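Contents: one structure, followed by commentary.
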Amino acid sequence: MKKLITYTVTALLATIAVSFAAPDKEAIISKEKAAWQAFKDKKADEFKKLVSADLVTVYAEGMHSMQEELDIMAKTDMKSFDLSGFNVTFAGADTAMITYKATLQSTTGGKDNSGTYNAGSVWHMANGQWMAIFHTDSKVPAPTSPAG
């Protein structure tokens with residue numbers, strides 16, 4: 001009986017330790033949404049609090065540094081965005097990858113870039129805070145109609 005209690009308490013403590021150590025998927029989703037909101041609202045200072053100074057972004061039109069991303073923010077008029085279908089995967093306790101769909105109404109430099117995008121980011125824990133270090137997205141092509 002003594003061994004059973006010892007095993008049970010040990011299992012319970014191990015489960016509690018793992019649950020406290022496990023990264024929080026909701027925290028990553030919340031940070032991703034906050035980064036989008038700061039970008040939409042053109043709040044560069046808030047955006048910089050969420051992403052690493054060494055941020056790298058990759059889009060069809062090129063690869064960008066943090067400063068280039070801020071330049072894009074200044075030229076972008078985002079009317080709305082909706083993020084859905086989140087999947088968060090942890091590669092260790094300090095690195096998270098998030099993928100999702102982003103549907104937006106937006107122009108950049110007067111060019112309409114509204115649509116649905118497959119998006120992904122990598123977040124890294126540094127100095128006790130999650131910071132985005134990488135982001136990419138790719139526009140989902142409009143469905144083609146069958147030849148009639």
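If you roll a 1.4 angstrom probe over the protein chains with everything in place, what fraction of the accessible area of the range 45-104 belongs to carbon and sulfur, to the nearest %? Don't jump to the answer; show the numbers that get you there.
Numbers: 1820 of 3330 Å².
Within the range 45-104, the accessible surface is 55 percent carbon and sulfur.
Could you sort out which of LYS43/LYS79; LYS43/LYS101; LYS40/LYS111; LYS49/LYS79 sit more than 21 Å apart by Cα distance in this structure? Present the calculation step by step, with values, prior to reporting the outcome.
On the way: LYS43/LYS79 15 Å; LYS43/LYS101 23 Å; LYS40/LYS111 16 Å; LYS49/LYS79 23 Å.
Among LYS43/LYS79; LYS43/LYS101; LYS40/LYS111; LYS49/LYS79, the Cα-Cα distance tops 21 Å for LYS43/LYS101; LYS49/LYS79.
Using a Förster radius of 41 Å, what is the FRET efficiency between LYS43 and THR144 based on their Cβ-Cβ separation? Nearest 0.05, please.
0.60
So the label point goes 7 Å from the Cα of ALA27 along Cα→C-beta, right? Which residues of the range 117-142 then have their backbone N under 14 Å from it?
Flagged as within label range: 123-132.
Could you calculate the contour length gain from THR116 to SER80, that is, 0.36 nm times the residue separation minus the distance between their Cα atoms, to one decimal place in nm?
Going from the current span to full extension adds 11.8 nm.
Suppose we keep just the DSSP beta bridges with both residues in the range 35-148; what percent of those would be antiparallel, to 5?
90
What does the charge dipole of the range 38-131 about its Cα centre add up to, to the nearest 20 debye, if the Cβ of each Lys and Arg holds +1 and the Cβ of each Asp and Glu holds -1? Walk me through the intermediate numbers first.
Working: 9 positive and 12 negative charges, 43 e Å.
That gives a dipole near 200 debye.
Give me the extension gain from ILE72 to THR95: residue separation times 0.36 nm, minus the current Cα-Cα distance, reported in nm with one decimal.
That pair, ILE72 and THR95, stretches by 5.7 nm at full extension.
Out of the trypsin sites (Lys or Arg not before Pro) in the range 18-116, which ones are loop residues according to DSSP with at most 15 other C-beta atoms within 10 Å?
Details: sites: LYS25, LYS31, LYS33, LYS40, LYS42, LYS43, LYS48, LYS49, LYS75, LYS79, LYS101, LYS111; in loops: LYS42, LYS43.
When the trypsin sites (Lys or Arg not before Pro) of the range 18-116 are filtered for loop state and at most 15 Cβ neighbours within 10 Å, LYS42, LYS43 remain.
Please work out the C-alpha center-to-center distance from the range 66-88 to the range 94-136 and express it in whole Å.
Here the two parts' Cα centres lie 7 Å apart.
Please enumerate, by chain and number, the aspartates and glutamates with C-alpha under 13 Å from the C-alpha of LYS33, excluding those fewer than 8 residues away in the same chain.
ASP41, GLU46, ASP82
For the range 16-124, with every protein chain kept in place, what is the accessible area per residue (1.4 Å probe, Å²)?
I get 55 Å² per residue for this part.
The values are calculated or read from the model by the stated rules, or taken from the named source; none is laboratory data. Quick caveat: nothing in here was measured; it's all calculated off a predicted structure. Note that we place each Cβ from the backbone using ideal geometry, even for glycine, and neighbour counts take in every protein chain shown. When the accessible area is computed, the model is the full protein with side chains, heavy atoms only, and any ligands, DNA or RNA have been set aside. Shrake-Rupley method; radii C 1.70, N 1.55, O 1.52, S 1.80 Å.
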